[in-house]
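What follows is a single structure, and I will ask about it in a moment.
Readers should treat all values here as calculations from the given coordinates under stated rules, not as data from a laboratory. For clarity, every value in this text was computed on a predicted model and none was experimentally measured. With ideal geometry, Cβ positions are generated from the backbone for all residues, glycine too; neighbour counts draw on all protein chains shown.
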There are 4 protein chains.
Amino acid sequence: MIGVVMDGCPAGLLLDEDFIQHELDRRRPGQSGLTTARKESDRFRFVSGIMDGKTTGQPLTAVIMNTGHKPQDYDSMKDLFRPSHADYTYEAKYGIRDHRGGGRASARETATRVLAGAVARLLLHQEGVRVSAYVSRVGTVTLQKSFRELDLSATDAHPVRCPDQAAAAEMALLIEEARDRGDSVGGVITCVAEHVPAGLGEPVFDKLQADLARAMLSINAVHGFEYGSGFEGASMFGSDHNDEFIIEKEKVTTRTNRSGGIQGGISNGADIYFNVAFKPVATIAQKQQTVTRDGKATELEAKGRHDPCVVPRAVPVVEAMTALVLADHWLRNQTARMPVTEK
Amino acid sequence: MIGVVMDGCPAGLLLDEDFIQHELDRRRPGQSGLTTARKESDRFRFVSGIMDGKTTGQPLTAVIMNTGHKPQDYDSMKDLFRPSHADYTYEAKYGIRDHRGGGRASARETATRVLAGAVARLLLHQEGVRVSAYVSRVGTVTLQKSFRELDLSATDAHPVRCPDQAAAAEMALLIEEARDRGDSVGGVITCVAEHVPAGLGEPVFDKLQADLARAMLSINAVHGFEYGSGFEGASMFGSDHNDEFIIEKEKVTTRTNRSGGIQGGISNGADIYFNVAFKPVATIAQKQQTVTRDGKATELEAKGRHDPCVVPRAVPVVEAMTALVLADHWLRNQTARMPVTEK
Amino acid sequence: MIGVVMDGCPAGLLLDEDFIQHELDRRRPGQSGLTTARKESDRFRFVSGIMDGKTTGQPLTAVIMNTGHKPQDYDSMKDLFRPSHADYTYEAKYGIRDHRGGGRASARETATRVLAGAVARLLLHQEGVRVSAYVSRVGTVTLQKSFRELDLSATDAHPVRCPDQAAAAEMALLIEEARDRGDSVGGVITCVAEHVPAGLGEPVFDKLQADLARAMLSINAVHGFEYGSGFEGASMFGSDHNDEFIIEKEKVTTRTNRSGGIQGGISNGADIYFNVAFKPVATIAQKQQTVTRDGKATELEAKGRHDPCVVPRAVPVVEAMTALVLADHWLRNQTARMPVTEK
Amino acid sequence: MIGVVMDGCPAGLLLDEDFIQHELDRRRPGQSGLTTARKESDRFRFVSGIMDGKTTGQPLTAVIMNTGHKPQDYDSMKDLFRPSHADYTYEAKYGIRDHRGGGRASARETATRVLAGAVARLLLHQEGVRVSAYVSRVGTVTLQKSFRELDLSATDAHPVRCPDQAAAAEMALLIEEARDRGDSVGGVITCVAEHVPAGLGEPVFDKLQADLARAMLSINAVHGFEYGSGFEGASMFGSDHNDEFIIEKEKVTTRTNRSGGIQGGISNGADIYFNVAFKPVATIAQKQQTVTRDGKATELEAKGRHDPCVVPRAVPVVEAMTALVLADHWLRNQTARMPVTEK
């Protein structure tokens, strides 16, 4: 069982539990032959903060049952450090390490993010905000279209979660190849937030992109974040990069959107979009060199089936973390101005 | 005058004011023909928290004088929104906008980061940590060497702050080209933190890379962050990417370092390295289309000399933000374990 | 079931579960004829953050089972506001109110404080700190001795938790009188923290007494806090009140201790002592006037047995909150100074 | 010069600088023969966060000039610990102590509280909230009337700041007596907040009374806090203490107000009132025993004129801290509920 406490959720938010369960199911392992065969049912239950289907303003607490977890599976890892895992660093930091799996360094932890993110999405839906992510790269297979050319409602039609079916098929082949070799492969997720109201984000340290970057880099296996023009923008001239303001339908908007919907750390009402890079997951079935806790060289050969590519399952995680950042900033923005008082 | 309050700085830290001034001078505009000609002297003064050259444990407050600032320079910007600046979003958020320059959306704000970062660096020096950044790309000119092949002590030898003199010269040409056209150009900064003790960083949301990402994306004009293998790692297979543990000089270390010195969000003692992408600055001397506050199309032609490429001057800013994140996590890590009590 | 998450607990703290259970048992209702007859078993279980009896540095989470809770007992309270309860204010704040009992306004919530406080006490024991509270007043019956004249180890010998047996007997009579009338009665708890190291507490807003006051006033039914000379000190002259410094056993100490062990918001090594005033609990068996949610006058007659005086059971709650404040400040104080570095 | 940074102040608040200066003048020493003759002019100036007299949403920073401060006055205190001051504890905590006066343990620090509190009061005035404090005790002279029997607008008519002129005169005599003896005397301040909207305060740890208690105990020399029925309430029976709900002018209210306007930690719309106990200030002109930093017994005889009773001057400080707590909770309460969305 894992749990999540959501503090600060306003009272009176209608919680659609089917939607929340659906999001959890999207993250769950074992959805297709492309992901790990380990079954986790991920049934959740609210244990505080809800009455008659609505939030009460109390901390919203939920637990997720964990039928598939077997601590003894991890016994063999007790005395060695798995390469590119958190085993060594947890031990270095705390002097004690819980090797039994399902801990804070486990990908299982992302289930709680998806759950909390689903609540945040329900809040954002009331404000008209939509958050959509999809796989835009698997290993060396890159989707060449921008999000504007895609039908984002088609993302879940293919287990790879790339809305372009041709690219999805190619990505699937690469994942299968990795799986068959006992290997893993990385990828990139693109995320788009539409209809975000102008004004979210705080100057200086809590810029909207800063909090998005932190949220994304807090996800296991993420090694990079870029928004708007991103790393490509670093190659450009200002005269090509600047987004000129225009008036459209009597509203201020920009002709282009290389700013990624954020200027000076604050949303400007245009689409917020960004890319998130995932390294290949560290758990592979191939034999690897490593060392034991008492400093002896050894070999590690992981047993069981593991996920050759987490990127498709990470799509709801990226959406969830995006929604949490936006919802937090939406709440924070409620006190940015004095209310207009009527005389 | 701008100021900075540093809370939480331990008592008894020796503050080398020459070092701090030197860091401020590295950020200051007008250092070479490659940067803006606007003169800012950036003399600083501590106004609380210091006695006999040492911190007292009280909030450390410093002010930086501002001889060059002329609010009237900004009068023409009062009623229009500069493209890709924060003018529109500040107004959308707060309903009121201080157009007089030098505010929180101004690059001048980074002087306070450099000052605070210099204090953090002095703290880290006591622990043996070294933080070094340099320019690894300007526009389309990319330094092809890794930080391991470079002499990082040579960074400041060229005003571009690229330690490879050939690449630096090429970058300088591109900056001059942009300057002469009244344009600006983006770039990438690489940063390396050496001798960081294992154990810094906190699981889940406050992973070390998450806080570094947030710190970098909080810097004006930054559009991307990647650490370790970064976006390139997303193209790799796990069997190629994993860092195998080995024993070297009786200590646990890794054969490769694609993890960028961080595993599970916690430093492992290896070099921490990352790239930071800067868009070209928005202020250019060319004529641009934009709109006024009351929704009319207009043209903007910025006057005066501006910085064609901020990336060389951003090197100390990246170092400062890195040092602040590391120092904060170093302090936080002091309570990760119960002290060993002697019987 | 109620739960508590303790974040920031250092790794390697040995958790004596018998001690924790013992503290929970001291708070539990139904311990004697003087307190409510409602049975709650208060068995607890750690669900994260512990391995082999020691903290792992992960958030320490515990749940307490709740065998006695019957939500239907509260059905009659759904549509009216109980006098001096939180019914009206929760509804005014959130627009929705969970009337089913056991919520955040319930005294049951203090069980989690006792649990967390027991963990804090275990940490403080390693540092030699002892926290002891006792009942010093029930209604108009006041214990006339100072804590220095009492044997604090005798507190639990009488169910009233007053270490002076004569005063305890008199207090018990008053509680029985209130119980027999279907009434409740208030009281005062005195708390002493011995062997607190000098240096805990932070200047200005986070003074040690400020955090203690906040912690005490956060306990249900508490209406007052005074430390050291307290309200009586307000009647004194400075020449009588000041604590002169002296040297005793080669250490700096004070001749008197009207400062209550805290000067300038920071502990000075002397005993910290304070009083906490509890109003009589609002739930009584007598008939009371009140109004319904839709604004009609009505009568309330609470059913079942309730606690005529919570003060004896609040003793472990006061100790727990004191321990939490001291442990938090002890952790915080670990970074007050730069470590001495050896050359 | 001392400064204060107010973060989180909403944009668009009109700042009446005359009101703010007036509040600062009320706190200033040297207002009458009853307080210290030390002259401090306390002129303030905003240095950020304001434009055209309105807040901009940026951190509001102000500085207060300090014409009267003479660090050399404190030279004699460099090597000894003044009784009941913070000298010893600062040294114990930080290993270094700034003896030059005006630091964080100085009463001068309260000027910044008054300044920030005046801003909070301006915000609260927009919501109709009034905060009024007055002296209700000096030493053994106690005002016998409740705040309901007093004309709170008369508080400043007498330098003692007690709105009852007879009691004020008696208090003044006692202060003069203390002054003439080179002594100091303590006292009590009562504070009332009227028209506070129902709903301010957060369950469990951030109860409104908890934050008020913390704020009051963070003021120098405060040794006690009680709200509503306070310590007296501890002597009562529940049947006498409970506040029955009634309907008055079609609104829910209570017949009595022993709850002090707060139930379950949340304001209920009734008057919030509380008492704050101040010890006599530690600085007196009489000779006292103490010890030096190197552990030798010595005598201290403070020079110059000092304040025999700070309580009159602490009235605006108590009001300011109350306003800050209420304004913070008012802001926090803006997100307690989902906004009603129109279809």
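Sorting check: for B:165-171, C:260-266, A:140-146, D:136-142, which peptide has the highest mean count of neighbouring beta carbons within 10 Å, and how do the rest follow?
Answer by packing, highest mean first, reads C:260-266, D:136-142, B:165-171, A:140-146.
Follow-up. Only Cα pairs under 8 Å and at least 6 apart count here; give the relative contact order of chain A as a rounded whole percent.
22 percent
Using only Cα atoms and rounding to the nearest 10 degrees, what angle (0 to 90) does helix C:165-180 make with the longest principal axis of chain C?
20 degrees
Would you mind counting up the charge near C:GLN289? Only other residues with Cβ under 10 Å from its Cβ, with Lys and Arg at +1 and Asp and Glu at -1.
Local net charge: 0.
Please pull out the direction-averaged projected area of chain A, using the convex hull of its alpha-carbon atoms, in nm² to one decimal place.
With the hull built on Cα positions only, its mean projection is 21.2 nm².
Shifting gears a bit: Give me the distance in nm between label points sitting 7 Å out from Cα along the Cα-to-Cβ direction at B:ALA154 and D:THR142, one decimal.
Output for this residue pair reads 8.2 nm.
Something else now. Using the basic label-point model (7 angstrom from Cα toward the beta carbon), what is the D:GLN165 to D:ASP7 distance in nanometres?
So the two model labels end up 4.9 nm from each other.
Turning to a different aspect of this structure: Given 0.36 nm per residue, what is the gain on full extension from D:ALA297 to D:ASP75 after removing their alpha carbon distance, in nm?
Roughly 78.1 nm would be gained on extension.
In addition: Nearest the rotation axis from B to C, which residue of chain B has its beta carbon, and at what whole-angstrom distance?
In chain B, the Cβ lying nearest the symmetry axis toward C is B:GLN334, 2.
Determine, for B:ARG161, D:ARG258, the number of other Cβ atoms within 10 Å of each Cβ, and report the residues in order from fewest to most.
Least crowded to most crowded, the residues run D:ARG258, B:ARG161.
How long, wide and thick is the protein assembly as shown, going by the Cα atoms along their three principal axes, in whole angstroms, largest first?
Projected onto its principal axes, the Cα set of the protein assembly as shown covers 84, 68, 67 Å.
Against the empirical 2.2 N^0.38 Å scaling, what ratio does the C-alpha Rg of the range D:234-343 come to?
Compared with the compact-globule rule of thumb, the range D:234-343 sits at 1.81.
Okay, next question. Starting at the first residue of the range D:198-213, write each ³J(HN,Hα) from the Karplus equation 6.51 cos²θ - 1.76 cosθ + 1.60 with θ = phi - 60°, in whole Hz, x for Gly and Pro.
In residue order, the calculated couplings are 5, x, 7, x, 10, x, 6, 8, 9, 4, 4, 5, 5, 6, 5, 4 Hz.
Let me ask something else about it. For a quick size check, give me the Cα extents of the range B:153-233 along its three principal axes, largest first, whole Å.
48, 27, 22
Using a simple charge model, +1 on the beta-carbon of Lys and Arg, -1 on the beta-carbon of Asp and Glu, nothing else, what dipole does the range B:145-198 show about its Cα centre, in debye to the nearest 20?
140 debye
Another question about this same structure. Which order do A:HIS22, A:HIS306, B:HIS223 fall in if you start with the one that has the fewest other Cβ atoms within 10 Å?
A:HIS22, A:HIS306, B:HIS223
Scan around C:ILE266 for amide H atoms under 5 Å from its own, H built in the peptide plane at 1.01 Å from N, and keep only partners 5 or more places away or cross-chain.
Here the answer is C:LEU208, since their amide H atoms fall under 5 Å of that of C:ILE266.
Test of understanding: ordering D:GLU149, C:GLU91 by Cβ neighbours within 10 Å, fewest first, what list do you get?
By the 10 Å Cβ count, ascending: D:GLU149, C:GLU91.
May I pose another question? With each label point set 7 Å from Cα along the Cα-Cβ vector, what nm distance links C:GLN21 and D:PHE19?
So the two model labels end up 6.0 nm from each other.
Right, another one. Only Lys, Arg, Asp and Glu count, each charged at its Cβ (+1, +1, -1, -1), so figure out the dipole size of the protein assembly as shown about its Cα centre, rounded to 20 debye.
0 debye
How far, in nm to one decimal, is A:ALA166 from itself in the other copies if the label point is set 7 angstrom along Cα toward Cβ? Shortest first, please.
Spelled out, the distances from A:ALA166's label point are 4.1, 9.8, 9.8 nm.
Also, quick follow-up: For D:MET1, which inter-copy label distances result when the label point lies 7 Å beyond Cα on the Cα-to-Cβ vector, reported in nm to one decimal and in ascending order?
Label-point separations across copies, in nm and ascending: 0.2, 5.9, 5.9.
Considering only the label points, 7 Å along Cα→Cβ from Cα, what distances in nm to one decimal separate C:GLU194 from the same position in each other copy, shortest first?
So the label point of C:GLU194 gives 5.0, 5.5, 7.0 nm to the other copies.
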